[in-house]
Amino acid sequence: MSGEVLSLKDVNINRGDTPIVHDVSLTVAPGTVTVVLGANGAGKTTLMDGIAGLAPVTSGTIQLDGAPIEKLPVYKRAQAGLGYVEQARTVFRTLTVEQNLLVSRSGKGDAEKVYELFPELQKRRTLQAGHLSGGEQQMLVLGRALISDPKIILIDEMSLGLAPVVVRRLMHAVKDLVGLGIAVLLIEQFANLALEIGANAYVLRKGRVVFDGPCDEIRGDSERLHEFYFGAMPTDAVVEAGGENQ
Ligand SMILES: Nc1ncnc2c1ncn2[C@@H]1O[C@H](COP(=O)(O)OP(=O)(O)OP(=O)(O)O)[C@@H](O)[C@H]1O
């Protein structure tokens, strides 16, 4: 066995009949954050949906802790230890913080573990979740994924609409998650914040991996990231620039 929590090999994923993700191979090591970056429409959410069982994997293999899951229905992937925080996922606004956690747990999940990670939530355990701040609601969303003891949590852009200072707190929370031994596969629009807490990164462009390597290699390198997201400068521009010196 490879020792990886999650391993994708040559995975292709459709939306309906349209191929969106092409030949993606990816691994996530235990207790690490792996970051997925890319421009709007690059296929990041489709990739997550394919891993979770919400979009059809047409070929390739997906292994969770060494066991194939690509043919399993969504709930069996969840039972096998896959947590998924979907984009724009919210809380049950009229339930209390604690009720939100309790309705989300499967089996023996323990709310105290969530409160240890998020003391902010413990203080508000009897408050209706609709009264929490945006950042606290996202902590609760993470807590709802955490309470079922997943091996890995897929997180798709939990920072939408939040201020950078709040996003930074959430990134710390994600780092604390991996401190508990849970692996994270993270899509995040604030690329540099994600690259600060990530070990490895993958950049998708038009459904294909165009970069795969340590986060250190691309953190802060906005020029390189721009090139990965949108492609290289047109070659005639380069030739023109070179021509000036000749
Ligand atoms: N339900 C769908 N049916 C058909 N095409 C879809 C569907 N959902 C997404 N797509 C298309 O798949 C492509 C990839 O979309 P996806 O949402 O996976 O990208 P993304 O990288 O997550 O983008 P964003 O950052 O905007 O969320 C886009 O061209 C999109 O239009």
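The values are calculated or read from the model by the stated rules, or taken from the named source; none is laboratory data. Please read all numbers here as calculations on a predicted model, not as lab measurements. As a convention, Cβ positions derive from the backbone with ideal geometry for all residues, glycine included, and neighbour counts pool all protein chains shown. SASA here: full protein model, heavy atoms, side chains in, ligands and nucleic acids out. Shrake-Rupley method; radii C 1.70, N 1.55, O 1.52, S 1.80 Å.
The set of residues in segment 144-156 that are within 14 Å of VAL184 (Cβ to Cβ) and surrounded by 18 or more Cβ atoms within 10 Å (Cβ to Cβ) comprises ALA145, LEU146, PRO150, ILE152, ILE153, LEU154, ILE155, ASP156. For segment 198-232, a residue qualifies if it is part of a helix (DSSP H, G or I), at pLDDT 95 or above and buried (at least 18 other Cβ atoms within 10 Å of the Cβ), and exactly one does: CYS215. Would you point out the residue of segment 7-38, among those that are farther than 20 Å from VAL184 by Cα and not in a strand (DSSP E or B), that is nearest to the ligand (Cβ to nearest atom)? Filtering first and then ranking leaves GLY16.
Screening ALA163, ALA183, ALA173, ALA199 for residues that are more than 23 Å from THR46 (Cβ to Cβ), touching a Leu at 6+ places or on another chain (Cβ under 9 Å) and away from the ligand (no atom under 16 Å from the Cβ) leaves exactly one candidate, ALA173. For segment 122-146, which residues satisfy the criterion of being part of a strand (DSSP E or B) and within 26 Å of PRO164 (Cβ to Cβ)? Selection gives nothing.
A search for C-beta distances below 6 Å between a residue of segment 26-49 that is open to solvent by 30 Å² or more (accessible area, probe 1.4 Å) and any residue that is of a type in the set (S, T, N, Q) and more than 9 Å from the ligand (Cβ to nearest atom), counting only pairs 6+ apart in sequence or on different chains, returns THR27/SER7.
Among residues belonging to segment 50-86 that are among the charged types (D, E, K, R) and either over 23 Å from ILE182 (Cβ atoms) or without any contact (Cβ under 8 Å) to a residue 40 or more places away in the chain (or both), point out the one that is surrounded by the most Cβ atoms within 10 Å (Cβ to Cβ).
Ranking the candidates gives ARG77 first.
Kindly provide the set of residues from segment 191-212 that are farther than 26 Å from ARG15 by Cα and out of contact with any strand residue (DSSP E or B) (no Cβ under 7 Å at 6 or more places or on another chain), ordered by number. If the condition is that a residue be farther than 26 Å from ARG15 by Cα and out of contact with any strand residue (DSSP E or B) (no Cβ under 7 Å at 6 or more places or on another chain), then ASN192, LEU193, GLU196 are the ones that fit.
Scanning segment 120-131 for any residue that is hydroxyl-bearing (Ser, Thr, Tyr) and out of contact with any strand residue (DSSP E or B) (no Cβ under 6 Å at 6 or more places or on another chain) turns up nothing. Residues in segment 13-41 that are among the polar types (S, T, N, Q) and under 18 Å from the mean Cα position of the chain (by Cα) were compared, and the one that is farthest from ASN192 (Cα to Cα) is SER25.
Could we say that ARG124 is of a type in the set (Lys, Arg), more than 16 Å from the ligand (Cβ to nearest atom) and buried (at least 16 other Cβ atoms within 10 Å of the Cβ) here?
Working: of a type in the set (Lys, Arg): yes; more than 16 Å from the ligand (Cβ to nearest atom): yes; buried (at least 16 other Cβ atoms within 10 Å of the Cβ): yes.
Yes: the conditions hold for ARG124.
Taken over segment 91-121, the residue count meeting the criterion of being surrounded by 14 or more Cβ atoms within 10 Å (Cβ to Cβ) and not in a helix (DSSP H, G or I) is 7.
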